[in-house]
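First comes the structure, then the notes that go with it.
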Amino acid sequence: AQKVTQAQTEISVVEKEDVTLDCVYETRDTTYYLFWYKQPPSGELVFLIRRNSFDEQNEISGRYSWNFQKSTSSFNFTITASQVVDSAVYFCALSGTNTGFQKLVFGTGTRLLVSP
Amino acid sequence: SQTIHQWPATLVQPVGSPLSLECTVEGTSNPNLYWYRQAAGRGLQLLFYSVGIGQISSEVPQNLSASRPQDRQFILSSKKLLLSDSGFYLCAWSVPKGEERSYEQYFGPGTRLTVT
């Protein structure tokens, strides 16, 4: 069975602080994909990143960076110099490749509150 | 570019009434389509997915059904709503399986359903 754990239910930071959102996953698939989605107060899920299990290079996109460590089954997300607009619920998700369709398994999400 | 629409945005329905939520995708052909439900303060649960017209798979037994009458149209229905059907319903699409990007799902704006 596949599982995604986001142990941090809610994080509060002050603007300009750096913040890391943790994600730990479980899967028996040898090939899989990991994702992060952002859900702002409007409700729509916004795709942020997809990472292939064979690619352990860290990725940086502006103030966002992702650290994928296969040895610890973690895919953590860091926001540098946080801004109020970063306030949202962030979901980590996993998709194996051994099923007949692309099923996403989501974590329960981490609510990030960035105050001015 | 591709866009996904859902309506209505919000809905308040009494227990026992029927339900019909609609999702349409523009700018792509033969997408895979998904219905998710997000209960208050919780993660996303996959309800149905479809790989083609008339092809519906259900992930969990429930009071809901889905149909795909056209290539880019996905409908979520119920004959008699229960209180437990309240939640935020999200439709998503992905490109058909065959390329890496097929594992990315793109979400619509969602429908907030309250059953009273």
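Before moving on, here are some points about what is shown:
- Note on chain A: with a GNM built from Cα contacts shorter than 10 Å, the maximum mean-square fluctuation among A:Leu21, A:Leu48, A:Leu94 falls on A:Leu48.
- Taking the stretch A:49-74 and a reference point 7 angstrom along Cα→Cβ of A:Ala7, the backbone N atoms nearer than 18 Å belong to A:67-74.
- Annotation for B:Thr116 and A:Thr97: the two label points, set 7 Å from Cα along the Cα-Cβ direction, are 5.0 nm apart.
- Options B:Pro14, B:Thr24, B:Ser58, ranked by Cα towards positive dipole end of the protein assembly as shown, top entry (Cβ charges): B:Pro14
- Build a GNM of chain B with springs between Cα atoms under 10 Å apart, and of B:Gly54, B:Gly43, B:Gly16 the one that fluctuates most is B:Gly43.
- Virtual spin-label span in nm between B:Leu82 and B:Leu11, 7 Å along Cα→Cβ: 1.7
- Spin-label proximity, B:Gln73 to the stretch B:1-44 - amide N less than 12 Å from point 7 Å beyond Cα toward beta carbon: B:22-25
- Calculated FRET efficiency for the pair A:Leu113/B:Ser58, C-beta based, R₀ 25 Å, to 0.05: 0.10
- For the pair the stretch B:56-116 / the stretch A:47-116, the C-alpha centres are spaced 23 Å from each other.
- Taking N as the residue count of the stretch A:49-116, its C-alpha radius of gyration divided by 2.2 N^0.38 Å amounts to 1.26.
- Remark: the protein assembly as shown projects, on average over all directions, an area of 12.8 nm² (convex hull of Cα atoms).
- Extended-chain gain in nm, criterion 0.36 nm per residue less alpha-carbon gap, A:Glu26 and A:Val14: 1.1 nm
- Residues whose placed amide H lies under 5 Å from that of A:Thr97, excluding near-sequence neighbours: A:Thr31
- Sorted on the mean count of surrounding Cβ atoms within 10 Å across their residues, most packed first, peptides B:7-15, B:75-83 read B:75-83, B:7-15.
Readers should treat all values here as calculations from the given coordinates under stated rules, not as data from a laboratory. These figures come from a predicted structure and were not determined experimentally. Ideal geometry is used to build each Cβ from the backbone, glycine not excepted, and the neighbour counts take in all protein chains shown.
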